[in-house]
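J.: Structure incoming, see below.
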Amino acid sequence: MPASHEFLDRVARKHGDSFYVFNAERFKSNYLAFREGLRRHYRNSDVAYAFKANYMPAIGRLLADLQGMGEVVSRFEYDVARRFLPADRLVFNGPVKRDEDLLFALQSGSQLNLDSLHELERLVRLTDHGAPCRIGLRISACKADGAESRFGLSAETGELDAALKLLDQHEHITVNSLHCHLNSPTKTPEEFVARLETLWSIANTLNPRHRLGSINVGGGFFGRLPEALRRQFDCPIATADEYTAAIGKAFASMCPDGQVQLLIEPGVSVVADTMILVARVMGIRQRNGRRQALLDTSIVGVNPTHSALQAPLSVVAPERARGSLLQPCALVGNTCMEHDTIVPELVADLEVGDFIVFGNRGAYSINYTPDFIHPAPAIVDSHGNLLKSADNATTALASYVTDDPGGQVQ
Ligand SMILES: Cc1ncc(COP(=O)(O)O)c(C=O)c1O
């Protein structure tokens, strides 16, 4: 996503010295690479984009245009996604769903996936003697080190069996989907195929009264990575084509009649490379004998998830008559924390007014950043049109009671 200094400067003058730029075309092509890829090998496939990765309305609108699907893990995300997608295009996962959320999702016709035995017991109590209802079950998976994931029903501990026995006593509830999600460090296509095989073998042991509508292998794929990120992995980086060929072909041979829908739930891989975070160099000074550039963003803004991966970055500067002058420089942030060092050393030609552009900031970024010292910045599209204003005191305080409530707790 190359951007000129002139473009960034124009946006900064209007919306602040730090902002995101969102590339809608990139989102579309990432989403379609997964969906069309899967459908090439198994027609009855769909892609439920994981809203948690980035729930901004511009993405909701794109999904609606693409007749896409969404995946959510809380009632908050559910309500956001419903502004753009019909209920029957949503998968509702997550470890904590309140009673009213369970009933609401069921009545609305969304795919509700239960995470645990106690959630199923609660649903049984809530719906006993009620109308028939259809639910999915999340099956637990083991992590690379063999440790159990904290999510889903474990086949190993007997939790899954207990859930199925409970369902045998409550025939108004049927299982219509099996789901699994794991974020493994290596993310190989073979791991997804192995999860698919596990789900399919469980599907084949289900009481025939359960009519399976879908099998869902979750998210956790690699997306398109720039070279600077690729270098930070010591495993092969699979492409959307490789994932979809492996998963689609495997499922086509498991389910040749094509009756059961194949679902995936990518988040990062679809949205990470759709946004850059831009921050202006506000000042340069010497500290401890070293050059230090102060940016109008922070370590919290650039890396809210505390990822061990270094964000790829580039410098965008105006033409300089003097030619290039490379020097080592630390990039420090706009909070008052001593440790707010975004990059300890960058060798670059930097002056006040230049921009640092951090790549791959689309996933778990804006919606993961608290209003800490500086509230969240604006988002513009690749033409500079505003998608979200920079937050301010009014937006940040909107949900606080700002008058003295004066009274007693009722
Ligand atoms: C149930 C579920 N599905 C999908 C995803 C998306 O994962 P990713 O963003 O790694 O693709 C997550 C992420 O935590 C998840 O919990």
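J.: Could you say which residue among ALA3, ALA81, ALA33 is in contact with a Lys or Arg (Cβ under 9 Å, 6 or more places away or on another chain) and under 20 Å from ILE379 (Cα atoms)?
T.: It is ALA81.
J.: Cβ-Cβ distance below 7 Å, separation of 6 or more or different chains: which pairs start in the stretch 1-25 with a residue that is farther than 22 Å from LEU225 by Cα and end on one that is at pLDDT 95 or above and of a type in the set (S, T, N, Q)?
T.: That search, which allows pairs on different chains as well, returns SER18/THR297.
J.: Related question: With (1) surrounded by 12 or more Cβ atoms within 10 Å (Cβ to Cβ); (2) not in a helix (DSSP H, G or I) as the list, and ARG150 as the residue in question, which single condition is left unmet?
T.: (1)
J.: Next up: Can you run down the residue pairs with Cβ atoms below 6 Å, 6 or more apart or on separate chains, where the first is in the stretch 39-67 and under 16 Å from ARG89 (Cβ atoms) and acidic (Asp, Glu) and the partner is at pLDDT 95 or above and within 11 Å of the ligand (Cβ to nearest atom)?
T.: ASP46/LEU263
J.: Determine the pairs where a residue that is assigned by TED's automatic domain parsing to the domain that holds GLY301 and β-branched (Val, Ile, Thr), located within the stretch 326-351, has a partner that is loosely packed, with under 12 Cβ neighbours inside 10 Å and modelled with pLDDT under 95 with Cβ atoms under 7 Å apart, the partner being 6 or more residues away or on another chain.
T.: VAL347/LEU326
J.: Report every pair of residues separated by at least 6 positions or lying on different chains whose Cβ atoms are under 8 Å apart, first residue within the stretch 358-374 and on the phi < 0 side of the Ramachandran plot, second within 13 Å of the ligand (Cβ to nearest atom) and assigned to a loop (DSSP other than H, G, I, E, B).
T.: Matching pairs, first to second residue: GLY362/ASN54; ALA363/ASN54; ALA363/GLY267; SER365/ASN54; ILE366/ASN54; ASN367/ASN54; ASN367/TYR55; TYR368/THR305.
J.: Related question: Considering (1) over 26 Å from GLU71 (Cβ atoms); (2) in the same structural domain as LEU196 (by TED's automatic domain parsing), say which one ILE247 fails and leave the rest.
T.: Tallying (1) over 26 Å from GLU71 (Cβ atoms); (2) in the same structural domain as LEU196 (by TED's automatic domain parsing), ILE247 fails exactly one: (1).
J.: Please give the number of the condition SER74 fails out of (1) surrounded by fewer than 23 Cβ atoms within 10 Å (Cβ to Cβ); (2) over 28 Å from ALA390 (Cα atoms).
T.: The one condition SER74 does not meet is (2).
J.: Every residue in the stretch 225-284 that is within 16 Å of the ligand (Cβ to nearest atom) and among the acidic types (Asp, Glu), please.
T.: GLU242, GLU265, ASP273
J.: Next up: Do you know which residues across the stretch 17-61 are part of a strand (DSSP E or B) and more than 15 Å from the ligand (Cβ to nearest atom)?
T.: SER18, PHE19, TYR20, VAL21, PHE22, SER45
J.: Next question, about the same structure. Considering every residue within the stretch 159-178, establish whether at least one is under 24 Å from the mean Cα position of the chain (by Cα) and within 24 Å of GLY267 (Cα to Cα).
T.: yes
J.: Between a residue in the stretch 205-234 that is over 26 Å from LEU262 (Cα atoms) and any residue that is more than 14 Å from the ligand (Cβ to nearest atom) and of a type in the set (S, T, N, Q), which pairs come within a Cβ distance under 8 Å, given they are 6 or more apart or on different chains?
T.: ALA228/GLN310; GLN232/GLN310
One line per residue, one yes/no per condition, for (1) assigned to a strand (DSSP E or B); (2) within 30 Å of GLU25 (Cα to Cα); (3) free of Cβ contacts under 8 Å to residues at least 40 places away in the same chain:
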site: GLY70; (1), (2), (3): yes, yes, yes
site: ASP88; (1), (2), (3): no, yes, yes
site: VAL96; (1), (2), (3): no, no, yes
site: GLN107; (1), (2), (3): no, no, yes
site: LEU126; (1), (2), (3): no, no, yes
site: ARG134; (1), (2), (3): yes, no, no
site: ALA144; (1), (2), (3): no, no, no
site: LEU164; (1), (2), (3): no, no, no
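J.: May I ask you to list the residues in the stretch 133-188 that are in contact with a Pro (Cβ under 7 Å, 6 or more places away or on another chain) and within 16 Å of the ligand (Cβ to nearest atom)?
T.: Hits for the stretch 133-188 are ALA144, PHE151.
J.: Would you pick out the residues in the stretch 343-402 that are more than 23 Å from the chain's Cα centre (by Cα), within 16 Å of PRO304 (Cα to Cα) and not in a loop (DSSP other than H, G, I, E, B)?
T.: Answer for the stretch 343-402, where residues must be more than 23 Å from the chain's Cα centre (by Cα), within 16 Å of PRO304 (Cα to Cα) and not in a loop (DSSP other than H, G, I, E, B): VAL343, HIS374.
The values are calculated or read from the model by the stated rules, or taken from the named source; none is laboratory data. Quantities reported herein were computed from a predicted structural model and do not represent experimental measurements. Backbone-built Cβ (ideal geometry, glycine too); neighbour counts: all protein chains shown.
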